[in-house]
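Structure record follows, encoded as structure tokens.
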Amino acid sequence: MDIKRKELLVTSFALFSLFFGAGNLLIPPLLGYKAGENWFWVTIGFMITAVVIPILGILAHAKLQGTLFDFGKKVSPTFSLIYCILIYVIAVAIPSPRTAAATHEIAVFPAFGTSPLLTSAIYFSLVLVFVLNRSKILNLIGKFLTPFIVIMLLAVIGIALFSSEFNTGTSQFETPIVTGILEGYQTFDAIGAVVVGAVIIVSLNFDNMAVEAYASKRTLIRKSGIIAGLGLFVIYAGLIAIGAYYSSDITVNGALSNDMQRANLLRAISISSLGKFGNTVLSILISLACFTTAIGIVAGTADYFKGLLNDSKLVYVITAILACVLGVGVGQLDFNSIIVVAVPVLLLIYPITIVLILLNVLPQKLATPLVFRVVVIMTLLFSIPDVIGFMSPSEELKSITSYIPFANYSLGWVLPAVISFFGISFIPNSKYFKR
């Protein structure tokens, strides 16, 4: 079946919007601001975890065309079940409420002075309305919301760049590429890829998209993933660049929390380039970007538990309601508190997610069940010191991790994962091993 241009654009826009949330908008400018003259190298690192890995996740979904369960089932069904439940619980407990917190702190409270409870209640009520209209999600987001978001983003970036004097400050980072990689974690995009990719798969099964054959779906998802990835690349690079080029014109109070620094910087850039209207534009942008991401998370979670329990529509509705209620509750926390809670969780689950994405993209003859098991186990083992080191740092732990390459960058899992992959994949097939 030929893929229509309309279907491709709608799916691409929807995929971009499901990815692009609060962190995606707020993190890059401050990253560029602090990177200064090294903003290009920070951008390279940021793209690895915020664009390349997530889009590989979408390509893996195009290949599997199943649920998140299929990502980890080669390790073992039990592992995959636990992993899926953890991912979805994390998604509705951290990134989803974070979108409401960001919308309240940056867009709603400065304008109306309302309480976080009122904002979260209205916000997640609207999210629930969209999620319960499941068959229309892709079209509503892809046709209407996302084009508006993209046009506004490009306008802000374009005007800001043309208004700047292209002067950058001194970099605050010793290893800009590594800093970019770790900051890319905070976007949740790799986890977002496995969650929203499943949303796209389910959405394509509805009659209104008229995409049925496996090959047609694979082509559509792959092309949409690449287009969405290019869009993310352009937007991220632009946001990092304007942060770097305005670093000599705008002063950010370093005593504030990171989230407030990010918000204040982006607001200052918007006002500097667009005048007072820039504040309104920023508020609308953040609200829409957060809203579409929350819809994707809640819908993806409800889809999974619906499929897990005999494809029950009642389970879908109950899960969606519980996810929104949880969002209202956790949304009472400030944005920075949610980020602090998220870090140790990310240090554990993010490396496993990255490994599962990469292994699922590879040909089956390279990514055998044995390879999956060994690589995931090694990744998990070498991620644990990062989590412990963040939650309870000690000199004893530092003396141990000093022997692990890249551990001081919270990337101690990388080399063990690579070595175990090549060891299991190629050594048994070598002529020397056969002897």
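The values are calculated or read from the model by the stated rules, or taken from the named source; none is laboratory data. Everything numeric in this text was worked out from a predicted model, so none of it was measured. FYI the Cβ positions are ideal-geometry reconstructions off the backbone, even for glycines, and counts take in every protein chain you see. Ligands, DNA and RNA are excluded from the accessible area calculation, which covers all protein heavy atoms including side chains. Shrake-Rupley method; radii C 1.70, N 1.55, O 1.52, S 1.80 Å.
Subtracting the Cα-Cα distance from 0.36 nm times the residue separation, let me have the gained length for residue 109 to residue 89 in nm, one decimal.
4.4 nm
For the chain, what is the charge dipole size about the Cα centre, in debye to the nearest 20, if Lys and Arg each add +1 at the Cβ and Asp and Glu each add -1 at the Cβ?
So the dipole magnitude of the chain works out to roughly 1440 debye.
Order 305, 422, most accessible first, counting only protein heavy atoms with a 1.4 angstrom probe.
Ranking 305, 422 by accessible area, largest first, yields 422, 305.
Springs between alpha-carbon pairs under 10 angstrom, Gaussian network model over the chain: which of 200, 271, 55 fluctuates most?
Its mean-square fluctuation being the largest, the pick is 271.
Summing Lys, Arg as +1 and Asp, Glu as -1, what charge do residues with Cβ under 13 Å from the Cβ of residue 392 carry, residue 392 excluded? Walk me through the intermediate numbers first.
Values: positive: 398; negative: 386, 395, 396.
That sum, taken over residues with Cβ under 13 Å, equals -2.
In whole Å, what is the distance between the alpha-carbon centres of the range 288-324 and the range 119-147?
12
Just to make sure I understand: if all protein chains stay in place, what is the order of 325, 156 by accessible area at 1.4 Å, largest first?
Most to least solvent-accessible, the answer reads 325, 156.
Over the chain, average the accessible area per residue using a 1.4 Å probe and give it in Å², no decimals.
43
Mind checking which helices in the chain clear 30 Å along their axis (Cα) and have mean Kyte-Doolittle hydropathy of 0.5 or more, DSSP H runs only?
Correct list, ordered by number: 214-245, 277-308, 335-361, 369-391.
How far apart, in nanometres, would the label points at residue 317 and residue 8 be if each is projected 7 angstrom from Cα along the Cα-to-Cβ direction?
Between residue 317 and residue 8, the label points sit 4.0 nm apart.
Of the options 191, 67, 247, report the single residue whose Cα projects farthest towards the positive end of the charge dipole of the chain (beta-carbon charges: Lys, Arg +1; Asp, Glu -1).
67
Determine, at each q value in 0.08 (inverse angstroms), the log₁₀ of I(q)/I(0) that the Debye formula gives when each Cα of the chain is one equal point scatterer.
Log10 I(q)/I(0), no solvent term: -0.44.
Here is the link list: 73/365; 73/143; 217/365. Which ones come out longer than 27 Å on Cα distance?
73/143
Of 272, 314, 327, which is farthest along the charge dipole of the chain in the positive direction, counting Lys and Arg as +1 and Asp and Glu as -1 at C-beta?
314
Average the reciprocal distances over every distinct pair of alpha-carbons in the range 106-229, invert the result, and give the Kirkwood radius in Å.
18.6 Å is the Kirkwood radius here.
Taking only DSSP H segments of four or more residues, each worth -39500 (n - 2.57), what value at 222 nm results for the chain once the sum is divided by all its residues, to the nearest 500 deg cm²/dmol?
-24000 deg cm²/dmol, from helical runs alone.
Between 228, 155, 244, which gets the highest mean-square fluctuation from a Gaussian network model of the chain, Cα cutoff 10 Å?
Looking only at 228, 155, 244, the largest GNM fluctuation is found for 155.
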